[in-house]
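Heads up, the thing below is written out as structure tokens.
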Amino acid sequence: MAAITAALVKDLREKTGAGMMDCKRALTETDGDIETAVDWLRKKGLAAAAKKSGRIAAEGLVGVASAPLKAAVVEVNAETDFVARNETFQDFVAKVAEIALHVGGDLDAINAAPFPGESRTVSEQLTHLVATIGENMHIRRAAVLSVSQGAVATYVHQPLKPGLGKIGVLAAVQAPGELEALITLGRQVGMHVAAAKPEALDIDAVDPAALERERNILVAQARQSGKPDAIIEKMVEGRIRKYYEEVVLLEQVWVHDGESRVRAVAKKAGVTLTGFVRYALGEGIEKPKDDFAAEVAATAGV
């Protein structure tokens, strides 16, 4: 029997998109003949993933998981919203969130981690899931927040089931104190973040490039007034303050009362907000636009 080397398994995996363990079994069953192994995988339905890997996956689920002093959020994409209602897919996302909680937000580490209850890694289990369900899927991103004391609260907007939905938020609340009260406040912060979509925790954390771009736009707009440079500078600074109120969490108006600033709410509660993460399913993914007329014309050969 031919030696089944790691390089041979890797070659078969790249050809088919099948899981590592499935590739090794296929090569073992076919005496190391890679082309016959491809056929073996295709017959088993395990090579189907390769054909689906180029399709856009912008649906799926965001999942959260928490433990004392830390929490994780992940986004796992699929092609259709229908898959999000598949219990096997839901279970996969929930377990990936738990894995991220322990190994961190690095995708390579997550993909290489053992998948609970299976003799596969997370990456191999995902490939198996693609072949089973019949849609392209991928783990898009993951993040973990932690505190030395306090809590990292989680919030899922309109959850499909506990910990799974289309918008997931982590909110890190650093403070001594009664844990349930901190979690409650953190959840309120999470709800605020879900609704207000802040881009930075505080002014110092604002992206310098985004700030410069905004300033250039505001200067160009102000110059149209024809006023002196000194007046224009004051106009721009006033508008920059307004910009901060729109994109900086601590400067935003607290959605729960419509009056207080978030920083004032945190100060009154005696806590420090040290970070947040907001994942909205599919954000930033360019989705194909259906052109029904063009599709009909193409089908008719027009």
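All conditions but one from (1) open to solvent by 40 Å² or more (accessible area, probe 1.4 Å); (2) in contact (Cβ under 8 Å) with a residue 60 or more places away in the chain; (3) on the phi < 0 side of the Ramachandran plot apply to Arg223; the one that does not is (2). Exactly one residue among Ala78, Ala58 is at pLDDT below 80 and either closer than 20 Å to Lys161 by Cα or open to solvent by 50 Å² or more (accessible area, probe 1.4 Å) (or both), and that residue is Ala58.
Restricting attention to region 132-166, the residues being more than 16 Å from the chain's Cα centre (by Cα) and in contact (Cβ under 8 Å) with a residue 40 or more places away in the chain number 15. Could you identify the single residue in Glu118, Glu124 that is part of a helix (DSSP H, G or I), open to solvent by 10 Å² or more (accessible area, probe 1.4 Å) and on the phi < 0 side of the Ramachandran plot? After applying the criteria, what remains is Glu124.
For region 62-119, a residue qualifies if it is of a type in the set (A, V, I, L, M, F, W, C) and more than 15 Å from the chain's Cα centre (by Cα), and the qualifying residues are Ala67, Leu69, Phe82, Val83, Phe89, Val103, Ala109, Ala112, Ala113, Phe115. In this structure, is Leu211 buried (at least 19 other Cβ atoms within 10 Å of the Cβ), outside any loop (DSSP other than H, G, I, E, B) and among the hydrophobic types (A, V, I, L, M, F, W, C)? Judged against the criteria, Leu211 is not a match. Pairs meeting the criteria (first residue in region 79-90 and in contact (Cβ under 8 Å) with a residue 12 or more places away in the chain, second residue β-branched (Val, Ile, Thr) and part of a helix (DSSP H, G or I), beta carbons under 9 Å, at least 6 apart or on different chains) are Val83/Ile133; Ala84/Val93; Asn86/Ile133; Thr88/Thr132; Thr88/Ile133; Phe89/Val83; Phe89/Ile133.
The values are calculated or read from the model by the stated rules, or taken from the named source; none is laboratory data. Because the structure is a prediction, the values reported are computed rather than measured. Cβ: placed from backbone, ideal geometry, glycine included. Neighbour counts: every protein chain shown. For accessibility, only protein heavy atoms count, side chains too; no ligands or nucleic acids. Shrake-Rupley method; radii C 1.70, N 1.55, O 1.52, S 1.80 Å.
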